[in-house]
Structures are given as C-alpha cells and as structure tokens.
Amino acid sequence: MRLWLGMFFLAMITAFPAFAEEYTYAPEGCDFIMTFPEEPRATQRCHDKVSDKCTLMTSFTKVYDMDAAINIYVSCKPTETDLRGQFTPDARRTSLLARPGVDTLEVYDVTHSENEKAVMSALLGAGPTPSGKDVMVYVTQLWVSKSSVFTMEAELIGHDISEADKLFSDILGSLHHKDLKPENPNEKSEETEAEPDTQPEAKKE
C-alpha cells in the first residue's frame, strides 16, 4: 500500500508544483479552489446501485499505460444560508460513509478540521475497483463554507507508479478556500533553517 498517502491524509494540505498548463477549478459562487494539470470535463456520475441517481460533476482522468489511473470528481454548490452549523463532524462523517462504493472498501480513517472560513472532513480507504480487476486508494472530502458546499472523490487505481502517486497528491493538496492559501510544510523559517551545532568541541592538543 502507498505509505505516502497516510502522511498526506494527516496533513491534508501539501505543497504542490506549478503545472505546465494548469487549470484552476473555481466555479462562480464557490468558495473553494482546486488546481488540475489540464482542464477537466463535465461528467454525469451515477450511483453504482441506483442507476437513475446521477449527479453532474467535474472530472479529471489520467491513465498511465494501463498500469495505473487517476480519477477525480468534484462538485461545488452555492448555498443561500450558512450550513456549517448543520454539517457537524458526525453529519459529515455520515455523509462520507454513505458515498457510493465506500461500503465495499476498507476505511482507514476519517478526519475533521475547521478554520474561520470552512469546516472539512475527509475519508481514506482502499479496496478493489467495481470490476474487481484492480486495487484502488480512495479519498473523499466534504468542505462547507459560509456560502458553498464542496465535495470531492478521488481514486488512485492500479500499480505503484511514483509519477501517478505524486500527481494524485499534488492535485488533492491544491484544494483550499479561496481566501486561504494552502500551507507549504517544506517552508522553513529563518530561525529554524540552520541546524544547531551539536557536535562536541574538538579536544585541543
């Protein structure tokens, strides 16, 4: 299993490099921003057990020579009222666990966080794809701000490929509230950049 994903899941926001032809997903009325390496497309995502229950979402797909694939689905809906009070951690957890196909996965963790702009919950799981031919890592998140609700589902399918792992992490790490920049854990302050000299002083002859 991809051990790096556990570290990403705990941090939830990571540094990400500039994509060559990046596309910023920021629909009108949405308080959240997400960056893709290219323009995603609109797609209709249907429930795996209820065929007529479909939702229009924005999707991004990247395939690596049939050995691995990335699928990411996002949706952001403006709201007329502030729903953060209704989306308690328990309510968000219930919503994530109710996502289609989650009941077939091994759920590793559900985390919650909040700041002055939004509340967020994220679920990490893994298991077989619906076809049963491959194994996938699955991440779903729910973000609620004062005036919008953002949902995201992400699948990393197939063999371990470092390029696919990194792109998956980069895209998920780019998600943030439009008024808050994603944190960069690799940045060091001037005070902590230099390592203290812990070596014992050399003995004089």
Self-check item: Subset of the range 71-83 (residues that are farther than 29 Å from Thr129 by Cβ and buried (at least 16 other Cβ atoms within 10 Å of the Cβ))
Solution: Leu83
Quiz item: If the Cβ limit is 6 Å and pairs must be 6+ apart or interchain, which residue in the range 170-183 that is within 15 Å of Lys62 (Cβ to Cβ) pairs with which residue that is surrounded by fewer than 20 Cβ atoms within 10 Å (Cβ to Cβ)?
Solution: Asp170/Phe16; Ser174/Phe16; Ser174/Thr35
Exercise. Being out of contact with any strand residue (DSSP E or B) (no Cβ under 8 Å at 6 or more places or on another chain), of a type in the set (Ser, Thr, Tyr) and either modelled with pLDDT of 85 or more or not in a loop (DSSP other than H, G, I, E, B) (or both) is the filter here, so list the residues in the range 165-205 that pass it.
Key: Ser169, Thr192
Quiz item: Just for the range 95-109: of the residues that are closer than 13 Å to Ala126 by Cα and free of Cβ contacts under 8 Å to residues at least 24 places away in the same chain, which one is farthest from the chain's Cα centre (by Cα)?
Solution: Asp103
Quiz item: Which residue out of Cys46, Cys76, Cys30 is touching a Cys at 6+ places or on another chain (Cβ under 6 Å) and over 20 Å from Tyr138 (Cα atoms)?
Solution: Cys30
Quiz item: Any residue at all in the range 72-81 that is farther than 23 Å from Tyr25 by Cα and of a type outside the set (Ser, Thr, Tyr)?
Solution: no
Self-check item: Hits in the range 150-164 - residues which are of a type in the set (D, E, K, R) and at pLDDT below 95
Solution: Asp160, Glu163
Quiz prompt | Subset of the range 117-148 [at pLDDT 95 or above and of a type in the set (Ser, Thr, Tyr)] | solution = Ser121, Tyr138, Thr140, Ser145, Ser147, Ser148
Exercise. Could you pull out the residue among Ser95, Ser162, Ser121, Ser131 that is out of contact with any helix residue (DSSP H, G or I) (no Cβ under 8 Å at 6 or more places or on another chain) and either surrounded by 17 or more Cβ atoms within 10 Å (Cβ to Cβ) or closer than 28 Å to Ala26 by Cβ (or both)?
Key: Ser95
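The values are calculated or read from the model by the stated rules, or taken from the named source; none is laboratory data. The shown structure was predicted, so the numbers you read here are calculated from the model rather than taken from an experiment. Glycine gets a Cβ as well: all are built from the backbone with ideal geometry, and neighbour counts include every protein chain shown.
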